[in-house]
Amino acid sequence: MISKPLRAAALILSCLLPGLAAGEEVAITRPHLDQTAGATSVALRGETFTNQGLVGTGSLPAGTVDFLGDTLGSFSSLQIAPGSWKRVADHYEGVLWTLPDRGRNDPAANLFFDYPARLERFRLRFASGSGRVDLVPDGGIELRDFRGKPFTGADPGAGTLTERGLLLPAPASGVGAGKVSLDAESLQFTRDGGFYVGDEYTANVYHFDKRGRLTGVIQPPAAVVPRRGGQPFFGSLQPPESGRRNNQGPEGMSLSPDGRTLFVALQSALIQDSATGSAAGRVDTRVLVYDVSRSPTPATPSAHYVVQLPAYAGDGNGGAPDRTAAQSEIRALDDHRFLMLARDGAGLGDGAGPGGAPIMYKSVLLVDVTGATDLAGTDYETGAVSLLRDPTGTALRPGVASADWVELVNLLNPVQLGRFGLSVEGLSEKWEAMDLVPALERGRPADYFLLVGNDNDFIARHCRMSGQACDSDFDNDSRILVYRLTLPKPLR
């Protein structure tokens, strides 16, 4: 359900926002703006969550060079290193790890670089009084496969190689030949300093030790594996016939606070779950749940759910939706609830330029899977059976219920952005990273800071990649927005 104040605001803005109970869709027909100056609260399953609003921001110049000498790609995912967050006098400090994706590329021109996969490390300082966030690059980790070789960002096409009995993508010739291709999109640290990385090519989740060496792989169930002609096909330049949509892999991933449950969310619907017609038919995305308490790389999901994403009209003129607000990151609150960042494809870096498509939707949703149907072990997971009742629509089959959700944070708030010299029109296209850290204030144990970061796609006037120029016509700076949230209780 959606709260009355939020429904009223949506109607004023001419956005069609029906109830958000499981099985119902949300259609955004005009730019989904929020003019609220202060705090807003929402309720989900009897508990109240409060967004205190935007309280800070900081940026990093687009032309920043990283520890390997390449233009620093920004935040496909980010996380404050476990145990590093602390309050010091009038400010906060922590170690921030960020994940760039596959490097500067132009898929339309089949242009890729042999970009080694890596994590970027920063020293972060947040002065809560002024709202200023400072980021200082501080090295990083280059990732290595089972053989100890670096990964490549190059598209593998139909090429593969086998390591430890696992079929992995690898260009057969040309750029990156003989290396495992990795399009890194989601990051999650474990308590021992190791970490998981979600890959868009395979929909695998790779487990690394704290040095960045690959130690194991969580392979997706059969329904998610991309296939053409009945065989796995990991390339991103052609859509598969079933499984994860190309360039729409595991964008969201998060461990529950107790470290026992790993959530992995696809960016939008699988091919077999996509309605025919426009891109608004990709709303029914999958969320896989793994019990990692005994093994960091379990063979099968312990649970499996559907989340219905918002759909929106790309031109913002009130017509029928023709796009899906795909999810780009999740952060778990417990073993059944998580925050999910859903966004449109408009903004700085979208290629449309001034006067292009309007920015329509960029929001953080609060999702609860308690009432959703568990698909683990069913034909929807072990085969390529579609969830759709009708191939022309997005309604789910009888007996399949999606998760409940409600909007918690709307990034498109000109009032709050304006306090920090920002505007909706100036926002980057791709907001893809998110983390929660405690406010560490006496008497406020359930207050947290939500960090939201953009992926600038290596767009910079002065860009270097693998020793070559990759200059753009403008700078798309890396940026972090900080919101303050009050949860029903502290995370455990």
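The values are calculated or read from the model by the stated rules, or taken from the named source; none is laboratory data. Just so we're clear, the structure is a prediction, and the values are computed from it rather than from any experiment. In this analysis, Cβ positions are derived from the backbone assuming ideal geometry, glycine residues included, and neighbour counts consider all displayed protein chains. Please note that ligands, DNA and RNA were not included when accessible areas were found on the heavy atoms of the full protein model with its side chains. Shrake-Rupley method; radii C 1.70, N 1.55, O 1.52, S 1.80 Å.
Listing for the model above:
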quantity	calculated
Residue in region 477-490 that is in a loop (DSSP other than H, G, I, E, B), under 30 Å from Leu68 (Cα atoms), modelled with pLDDT of 95 or more and not polar (S, T, N, Q) present	yes
Segments classed as strands (runs of 3 or more DSSP E), wholly inside region 335-417, with at least 1 members that are within 19 Å of Pro301 (Cβ to Cβ) and out of contact with any helix residue (DSSP H, G or I) (no Cβ under 8 Å at 6 or more places or on another chain)	337-343, 362-368
Odd one out for Val136 among (1) within 19 Å of Leu451 (Cβ to Cβ); (2) assigned to a loop (DSSP other than H, G, I, E, B)	(2)
All positions within region 276-302 that are hydrophobic (A, V, I, L, M, F, W, C), open to solvent by less than 40 Å² (accessible area, probe 1.4 Å) and more than 14 Å from Ser402 (Cβ to Cβ)	Ala279, Ala280, Leu288, Val289, Val292
Test: residue in region 239-247 that is farther than 28 Å from Ala27 by Cα and free of Cβ contacts under 8 Å to residues at least 24 places away in the same chain	no
Test result for Asp66, charged (D, E, K, R), touching a residue at least 40 places away in the same chain (Cβ under 8 Å) and open to solvent by less than 30 Å² (accessible area, probe 1.4 Å)	yes
So Leu167, is it of a type outside the set (S, T, N, Q), open to solvent by 30 Å² or more (accessible area, probe 1.4 Å) and either in contact (Cβ under 8 Å) with a residue 12 or more places away in the chain or in a strand (DSSP E or B) (or both)	yes
Count - residues of region 142-190 that are out of contact with any Gly (no Cβ under 6 Å at 6 or more places or on another chain), under 20 Å from Gly69 (Cα atoms) and of a type in the set (Val, Ile, Thr)	1
Pair list, Cβ under 9 Å, 6 or more apart: region 92-117 residue part of a strand (DSSP E or B), other residue of a type in the set (Ser, Thr, Tyr) and open to solvent by 20 Å² or more (accessible area, probe 1.4 Å)	Tyr92/Ser128; Glu93/Ser84; Gly94/Ser84; Val95/Ser84; Leu96/Ser84
Of all residues in region 195-213 being open to solvent by 10 Å² or more (accessible area, probe 1.4 Å) and not in a loop (DSSP other than H, G, I, E, B), the one that is farthest from Ser328 (Cα to Cα)	Arg213
Selected residue (criterion: nearest to Asp90 (Cα to Cα)) from residues of region 441-476 that are open to solvent by 50 Å² or more (accessible area, probe 1.4 Å), in a strand (DSSP E or B) and touching a residue at least 40 places away in the same chain (Cβ under 8 Å)	Arg464
Members of region 435-492 that are basic (Lys, Arg) and out of contact with any Asp or Glu (no Cβ under 9 Å at 6 or more places or on another chain)	Arg442, Arg444, Arg479
In region 258-288, residue farthest from Ser77 (Cα to Cα) [restricted to those that are in a loop (DSSP other than H, G, I, E, B) and β-branched (Val, Ile, Thr)]	Thr276
Failed condition for Asp192, given (1) more than 22 Å from the chain's Cα centre (by Cα); (2) not in a loop (DSSP other than H, G, I, E, B)	(2)
Residues satisfying the stated conditions in region 241-284, i.e. under 21 Å from Asp101 (Cα atoms) and of a type in the set (Val, Ile, Thr)	Val264
Residue check for Leu17: open to solvent by less than 40 Å² (accessible area, probe 1.4 Å), modelled with pLDDT of 95 or more and under 26 Å from Ser423 (Cα atoms)	no
Answer residue from region 244-274, given it is crowded, with 22+ Cβ neighbours inside 10 Å and of a type in the set (Gly, Ala, Ser) and is nearest to Gly316 (Cα to Cα) among those	Ser268
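Each row is one residue, and each column tells you yes or no for (1) more than 24 Å from the chain's Cα centre (by Cα); (2) surrounded by fewer than 24 Cβ atoms within 10 Å (Cβ to Cβ).
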| position | (1), (2) |
| --- | --- |
| Met360 | no, no |
| Gly371 | no, yes |
| Asp390 | yes, yes |
| Pro398 | yes, yes |
| Val415 | yes, yes |
| Leu436 | no, yes |
